[in-house]
1. Among (1) modelled with pLDDT under 95; (2) under 22 Å from the mean Cα position of the chain (by Cα), there is one condition residue 161 misses while meeting the rest; what is its number?
2. Looking at this structure, is residue 155 within 16 Å of ligand 1 (Cβ to nearest atom) and not small (Gly, Ala, Ser)?
3. Please tell me if residue 104 is surrounded by 14 or more Cβ atoms within 10 Å (Cβ to Cβ) and more than 16 Å from ligand 1 (Cβ to nearest atom).
4. Can you name the condition, by its number, that residue 83 falls short on among (1) away from ligand 1 (no atom under 15 Å from the Cβ); (2) surrounded by 20 or more Cβ atoms within 10 Å (Cβ to Cβ); (3) on the phi > 0 side of the Ramachandran plot?
5. Within 16 Å of ligand 1 (Cβ to nearest atom) and charged (D, E, K, R): is that true of residue 349 in this structure?
6. Just to be sure, is residue 71 under 23 Å from residue 368 (Cα atoms), among the charged types (D, E, K, R) and outside the structural domain of residue 368 (by TED's automatic domain parsing)?
7. When you check residue 251 against the structure, is it over 20 Å from residue 394 (Cα atoms) and buried (at least 23 other Cβ atoms within 10 Å of the Cβ), yes or no?
8. Which numbered condition in (1) out of contact with any helix residue (DSSP H, G or I) (no Cβ under 7 Å at 6 or more places or on another chain); (2) surrounded by fewer than 21 Cβ atoms within 10 Å (Cβ to Cβ) is the only one that residue 306 fails?
Amino acid sequence: METTRLETPQASVASWNQTEILAEADKCVACGLCLPYCPTYRLTLSEADSPRGRIAMISGVMKQHIPMNERFTLHIDRCLTCRACEYVCPSKVSYGKLVDQARVKILNASVKKADVPYKIRSWLERQWIDKPWRFDTLRPFVKLFQQLGLQRLLLRLPFLNGTSFRLLLSKLPPIRYPFQHWQSFYPAVGKQRGEVGLFLGCIARLIDVETHLSTIAVLNQLGYSVHVPQQQTCCGALYQHRGESAHSGNLLAQNQQTFKDLNLTALITTASGCGAHLVENNGFSIPVMDINQFLAEQDFSQIKFNPLAKRVAVHHPCTLRHVLRGSQFPSKILAYIPEIELKELANQDQCCGAAGTYFLDQPGIAEALLTHKIQDVLAINADYLATSNIGCAFHIASQLNEQQAGIEVLHPVTLLARQMSIQ
Ligand code: SF4
Ligand code: SF4
């Protein structure tokens, strides 16, 4: 269990100074062991798109040996922050932190902040991502929009071709549970074993209600009461990976404030992207745990599961594998279901290309990586794909649906809840 305990809520997403950045970059001995694992290097075969190349460029820019120009920014922007490199690095370079710090420097030096599209996007994000409870109100309207066929209609409009808006629209899954609103407290069934908090995230609150409901249902059955406070906000990962570390820290502080006075055994995350960010920047006074890990440590002996004679492909999101180091847990909990056939995807170290907003910002690379991932999924001939991160789920599902593959993409906890007959 990864924990950090600080009693006072505070923003803990810190910026590094030049000396700290250079010290981290200097840990790289340029061995190149990470190169075969880097998705962007595998696609472009360019040293500048490899971890080693990026670290050398960051060091060069910090020492002012090379300029912080558009070329440098391009190669840093192309990094998925998947951290496959960090996972295999023998020198233990904290690559993820390093590239985030490079992005802070780029953003601070950039004129991008004055661009109108940047300002509009930034404003929209602050209105919705920072206030995710608004998605609960939006959900019925999005459902209506889909039922009236407006999503399909907009996707046919030629003037939207090539825009981020069209890309986002093409990935939007059918909305389920349009009228779901969250109670602040869901009591345990039977004798209470403990109380936990549920972190809802931002986008997941709009499109992944079933995962949250399943999590509450399974936890309640196991004897845990679940707190879902309204004022929780986005985890801040999206901002952190774009160089807005100060704003990311503000969101973290708001979340700490929201959960701090509850008597919680753990704060549960269902999206490994959020979980990884909260664990790494943990200023909570309680352990933050991914739901797969939390459930893997529970006693299921009193729970009866209905058999499921289906094949389930298990996907490891980068954040679950490379940051939380918990890729063993989804299969462990799914194995409770009798007759289930679990198959691990090939190439689990390779990112699917979703990576936060990467699929919008670098659509060419994102789609190329998705194509590879879809090949690995189809090779299994599965009925379900179980994945533990909302970004990966809707990125992969959009392509599987387009190909009419007949594979349902869901969170492991959803399958567990369905087979417990409690939904
Ligand atoms: S594996 Fe580590 S030390 Fe080796 S090149 Fe990659 S980042 Fe540098
Ligand atoms: S984080 Fe991923 S994309 Fe970025 S350098 Fe490392 S392996 Fe390559």
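1. Status for residue 161: all satisfied but (2).
2. The answer is no for residue 155.
3. Yes; evaluated as a whole, the condition is true for this residue.
4. Every condition holds for residue 83 apart from (1).
5. The answer is yes for residue 349.
6. yes
7. So residue 251 fits the description; yes.
8. Tallying (1) out of contact with any helix residue (DSSP H, G or I) (no Cβ under 7 Å at 6 or more places or on another chain); (2) surrounded by fewer than 21 Cβ atoms within 10 Å (Cβ to Cβ), residue 306 fails exactly one: (1).
The values are calculated or read from the model by the stated rules, or taken from the named source; none is laboratory data. Just so it is clear, the structure is predicted and the values come from calculations on it, not from any experiment. As a convention, Cβ positions derive from the backbone with ideal geometry for all residues, glycine included, and neighbour counts pool all protein chains shown.
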